[in-house]
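Participant: The structure follows.
The values are calculated or read from the model by the stated rules, or taken from the named source; none is laboratory data. These numbers come from a predicted model, not from an experiment. Backbone-built Cβ (ideal geometry, glycine too); neighbour counts: all protein chains shown. Quick note on the areas: whole protein, heavy atoms, side chains included, nothing else; ligands and nucleic acids left out. Shrake-Rupley method; radii C 1.70, N 1.55, O 1.52, S 1.80 Å.
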Amino acid sequence: ARQLAGIGVPELEIGIPAMGEEERDSVRAVAALGLQARLMVWSRMHATDIAACANLGVHLVDIAVPASDQHLACKLRQDRGWLLRELPRFVEAALSLGLEVCIGCEDASRADTDFLCALAETAERAGARRLRFADTLGILEPFGTFERIAALRRASGLEIEMHAHDDLGLATANTLAAC
């Protein structure tokens with residue numbers, strides 16, 4: 001669970017709707033509990049995945065996008081320009097379903113900082129409210145984390161969320177540096 005700064009309402013990420021009807025039923029069941037929490041689901045940057053997030057009783061969707069050149073080239077066989085052009089369409093699709101949007105930047109720790117800032121600016125202009133910075137490979141250290149998050153903060157008014165992996169035992173330290 002995450003606490004929203006100043007609001008005190010926990011947020012829970014509860015599922016991946018594109019996994020199928022059983023997963024969507026599970027998400028609906030959690031939403032039906034009436035918890036004092038804002039619920040988020042995860043989605044790839046695919047129209048059908050985002051459509052699967054509709055009518056589940058959740059508040060937010062985290063749309064995962066490859067942020068590093070390595071992930072763009074290997075996962076999608078695309079480049080930075082393609083992502084910046086295409087991202088608004090997916091944000092708008094989620095917004096049209098009544099969902100707030102978080103853009104989950106996969107492999108952000110290996111992404112070019114200027115590109116990451118451009119990605120944040122594009123997401124913000126499209127209507128996203130949050131950016132998830134993922135240290136997918138767990139390679140960051142606290143000083144580098146601080147510098148990258150500070151650069152994002154200067155470039156964007158989006159909420160910034162940290163997703164730290166613990167490969168080097170620094171997830172907690174990196175999360176605190178991000179804060």
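Participant: Give me the pairs: first residue in the range 49-63 and touching a residue at least 12 places away in the same chain (Cβ under 8 Å) and farther than 20 Å from Leu35 by Cα, second residue among the charged types (D, E, K, R) and open to solvent by less than 20 Å² (accessible area, probe 1.4 Å), beta-carbon distance under 9 Å, and six or more apart or on different chains, which are they?
Facilitator: Short answer, once both residue conditions are applied: Ile63/Asp49.
Participant: Something else: Pick from Ala111, Ala118, Ala126, Ala151: which is more than 18 Å from Asp166 (Cβ to Cβ) and touching a Pro at 6+ places or on another chain (Cβ under 7 Å)?
Facilitator: One residue alone meets the criteria, Ala126.
Participant: When the range 52-90 is examined, which residues are found to be more than 14 Å from Val41 (Cβ to Cβ), buried (at least 21 other Cβ atoms within 10 Å of the Cβ) and small (Gly, Ala, Ser)?
Facilitator: Ala67, Ser68 - these are the residues of the range 52-90 that are more than 14 Å from Val41 (Cβ to Cβ), buried (at least 21 other Cβ atoms within 10 Å of the Cβ) and small (Gly, Ala, Ser).
Participant: Mind checking whether some residue in the range 6-19 is farther than 15 Å from Val101 by Cα, open to solvent by 60 Å² or more (accessible area, probe 1.4 Å), charged (D, E, K, R) and in contact (Cβ under 8 Å) with a residue 12 or more places away in the chain?
Facilitator: No, that holds for no residue.
Participant: Looking at Leu119, Leu97 in this structure, which one is among the hydrophobic types (A, V, I, L, M, F, W, C) and open to solvent by 30 Å² or more (accessible area, probe 1.4 Å)?
Facilitator: Leu97
Participant: Sort out which residues of the range 36-57 are assigned to a loop (DSSP other than H, G, I, E, B) and of a type in the set (S, T, N, Q), and write them in order of number.
Facilitator: Within the range 36-57, Gln36, Asn55 qualify.
Participant: Is it fair to say Glu86 is under 21 Å from Ala128 (Cβ atoms) and either in contact (Cβ under 8 Å) with a residue 12 or more places away in the chain or over 14 Å from the mean Cα position of the chain (by Cα) (or both)?
Facilitator: yes
Participant: Evaluate the range 123-141: report whether one residue or more is among the β-branched types (Val, Ile, Thr) and within 22 Å of Glu92 (Cα to Cα).
Facilitator: no
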